[in-house]
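Take a look at the structure below.
The values are calculated or read from the model by the stated rules, or taken from the named source; none is laboratory data. Please read all numbers here as calculations on a predicted model, not as lab measurements. Cβ atoms come from the backbone with ideal geometry, glycine included; neighbour counts cover every protein chain shown.
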Amino acid sequence: MDYKKELNELVDLMIQENASDLHISEGRQPVFRVASELVPLIKKAELSRSDVKGILDELITTKQKEEFVQNKEVDFAYDHKGEVRFRGNAYFQVGKVCIALRLIPKQIRKFEDLNLPPILETFANKQQGFFLCVGPTGQGKSTTLAAMIEHINENRLEHIITIEDPIEYIFESKKAIIDQREVREDTPDFHTALRGVFRQDIDVLMIGEMREPETISTAVTAAETGHLVFSTLHTNTAAQTVARIIDSFVSEQQNQIRVQLASSLIGIFSQRLIPRVSGGLIPAYELLINNTAVSNLIRENRLHEINTVIETSSDQGMIDLNHTLADLVKLGEITVENAYLYSQNGKGLERLV
């Protein structure tokens, strides 16, 4: 098999079918994910171990192959003809080699093109503070942050640094200077890269993902010291996000991080991509804005009250997930069944639809 040709054909077909993901594993046919549904390519033959390894050799570098052998998995990015990029992960399951590829469009879309609320522009226009985009894997967090970074890039003379594993969207410097650093390629790890940003004359920092307390602590400190900081977490709601951040620290440090977070946080945007009645996906979302009430709740560890503040503060710009779900149902964009499936509070949604 010509593995380069086979990979190119699969990628071209992905783009044609508007697929978001490609799964390759030995003993199975290739599988696409299209609008949240897995679609096996029944016209393709099952892949052998040598087929999967041959395709993987086209995707990763020699250094990454060594990491894969040593760690039994590896993260990587792959550029296809300069047209699209992929975030990839290769791993083993019951001794078999598997590859998961997530398509990252070359074009960075604007808020309105992504059906995101215009208020996100307000946070992109801030000079300092800590903003988080959260949600499960595959719900568009990176795409939303890319739109926010690109807005700054087009409108402000700033120095932006991104720290990612791997680099996903590629930015071209416009008004801003953008430096993108990839973990293991440009820096040993997130923590080392973050220590360096304070000596790199930055204005805006984007951290691909916060994985440990050291990263979170440095990000919060950066926001406190006059920088605008963006990052992501795999959490479901704004209240859960605050709790996860605080709980990642040992008990002796939790009071300090509560105080820091209460003063530096500017907002948390939680999103889901929901199957659209007309085809494709559309986001539903929740937005927490850190006003005086929220800041006090964080400082006093009354996190269970955050959801109530979001529900009752739409006049201040906050957005409740159930309200966005109900609005999408009324507009005929999503089904009632999917609204309940994605809601975090079914009884609250019942009052709105």
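Evaluate region 134-146: report whether one residue or more is surrounded by fewer than 20 Cβ atoms within 10 Å (Cβ to Cβ), without any contact (Cβ under 8 Å) to a residue 12 or more places away in the chain and within 20 Å of the chain's Cα centre (by Cα).
No, region 134-146 contains no residue that is surrounded by fewer than 20 Cβ atoms within 10 Å (Cβ to Cβ), without any contact (Cβ under 8 Å) to a residue 12 or more places away in the chain and within 20 Å of the chain's Cα centre (by Cα).
Hand me the list of helices (runs of 4 or more DSSP H) wholly inside region 307-353 holding 2 or more residues that are among the polar types (S, T, N, Q).
Filter on region 307-353 gives 321-330.
For every residue, the table says whether it meets (1) hydroxyl-bearing (Ser, Thr, Tyr); (2) over 20 Å from residue 1 (Cα atoms); (3) not assigned by TED's automatic domain parsing to the domain that holds residue 27.
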residue	(1), (2), (3)
71	no, yes, no
75	no, yes, no
78	yes, yes, no
96	no, no, no
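Test each condition in (1) within 24 Å of residue 146 (Cα to Cα); (2) of a type outside the set (D, E, K, R); (3) touching an Asp or Glu at 6+ places or on another chain (Cβ under 7 Å); (4) crowded, with 20+ Cβ neighbours inside 10 Å for residue 89 and report the one that comes out false.
(4)
Among the listed residues 270, 278, 264, which satisfies the condition of being modelled with pLDDT of 95 or more, among the hydroxyl-bearing types (Ser, Thr, Tyr) and either surrounded by fewer than 19 Cβ atoms within 10 Å (Cβ to Cβ) or within 20 Å of the chain's Cα centre (by Cα) (or both)?
After applying the criteria, what remains is 270.
Are any residues in region 280-303 under 11 Å from residue 239 (Cα atoms), out of contact with any helix residue (DSSP H, G or I) (no Cβ under 7 Å at 6 or more places or on another chain) and in contact (Cβ under 8 Å) with a residue 24 or more places away in the chain, and if so, which ones?
The one that is under 11 Å from residue 239 (Cα atoms), out of contact with any helix residue (DSSP H, G or I) (no Cβ under 7 Å at 6 or more places or on another chain) and in contact (Cβ under 8 Å) with a residue 24 or more places away in the chain: 287.
In region 175-201, which residues are within 22 Å of the chain's Cα centre (by Cα), part of a helix (DSSP H, G or I) and at pLDDT 90 or above?
190, 192, 193, 194, 197, listed by residue number.
How many residues are touching a Ser or Thr at 6+ places or on another chain (Cβ under 8 Å), within 20 Å of residue 135 (Cβ to Cβ) and surrounded by fewer than 20 Cβ atoms within 10 Å (Cβ to Cβ) when one looks only at region 187-211?
1
Does region 217-252 hold any residues that are in contact with a Ser or Thr (Cβ under 8 Å, 6 or more places away or on another chain) and either in a helix (DSSP H, G or I) or free of Cβ contacts under 8 Å to residues at least 24 places away in the same chain (or both), and which are they?
Those that are in contact with a Ser or Thr (Cβ under 8 Å, 6 or more places away or on another chain) and either in a helix (DSSP H, G or I) or free of Cβ contacts under 8 Å to residues at least 24 places away in the same chain (or both): 219, 220, 223, 224, 238, 241, 244.
Go through region 257-315 and count every residue that is among the basic types (Lys, Arg) and more than 27 Å from residue 333 (Cβ to Cβ).
3
Test each condition in (1) without any contact (Cβ under 8 Å) to a residue 40 or more places away in the chain; (2) out of contact with any Lys or Arg (no Cβ under 9 Å at 6 or more places or on another chain); (3) more than 28 Å from residue 144 (Cα to Cα) for residue 4 and report the one that comes out false.
Of everything listed in (1) without any contact (Cβ under 8 Å) to a residue 40 or more places away in the chain; (2) out of contact with any Lys or Arg (no Cβ under 9 Å at 6 or more places or on another chain); (3) more than 28 Å from residue 144 (Cα to Cα), residue 4 misses just condition (1).
Suppose we filter region 9-67 for residues that are closer than 15 Å to residue 98 by Cα, surrounded by fewer than 13 Cβ atoms within 10 Å (Cβ to Cβ) and of a type in the set (Ser, Thr, Tyr); how many remain?
2
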